[in-house]
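One structure is given below, encoded as structure tokens.
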Amino acid sequence: MTSADELISNRTSISSFQDRMQGDFATSYLGVHAGGHFWVGGDPGGDFFASPGDPWFFLHHGQIDRTWWIWQNQDLKKRQNAIAGTNTMFNSPPSANTTLDDIIDLEVLAPKIKVRDAMSTISDQFCYVYA
């Protein structure tokens, strides 16, 4: 499993960073994100509907966000709006590349926003930094 330190220090592109963080299930490689889900006994390792029921889920995802924030702030000019990949997980089914103008729709949980509006923790949408 890759450490958060390795992600922050050695990954210079968003695609390299996010692909390594997520892991590669086809090769049984668990990245920092997937590894955290499988590490906890109460999280059935990837059940999208059950894992948010475990309080660990929110602590884990806070740390995932913090890791991305640290990586992003190492070169904020280049990384603030860095984006790569498609609109579906692991491009399954195949879909268009995600853009900063795509809409994030969490239905009843939050208002719809553009991806670009979620790229900064101190934007109009959010107001937080990590210590």
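The values are calculated or read from the model by the stated rules, or taken from the named source; none is laboratory data. Predicted, not measured: the structure shown is a model, and the values here were computed from it. When we count neighbours, we look across all protein chains shown, and the Cβ atoms used for this are built from the backbone with ideal geometry, even at glycine. Just so you know, the surface numbers come from the protein's heavy atoms only, side chains and all, with ligands and any DNA or RNA stripped out. Shrake-Rupley method; radii C 1.70, N 1.55, O 1.52, S 1.80 Å.
General remarks:
- Across the stretch 115-129, the number of residues qualifying as open to solvent by 60 Å² or more (accessible area, probe 1.4 Å) and more than 18 Å from Thr86 (Cα to Cα) comes to 7.
- Test: residue in the stretch 79-90 that is within 15 Å of the chain's Cα centre (by Cα), on the phi > 0 side of the Ramachandran plot and part of a loop (DSSP other than H, G, I, E, B): yes
- Residue match in the stretch 106-114 (condition: touching a strand residue (DSSP E or B) at 6+ places or on another chain (Cβ under 9 Å), β-branched (Val, Ile, Thr), surrounded by 13 or more Cβ atoms within 10 Å (Cβ to Cβ) and more than 16 Å from Ile14 (Cα to Cα)): yes
- Residue within the stretch 70-82 that is among the basic types (Lys, Arg) and open to solvent by 50 Å² or more (accessible area, probe 1.4 Å) present: yes
- Pro94 vs. criteria modelled with pLDDT of 95 or more and assigned to a loop (DSSP other than H, G, I, E, B): yes
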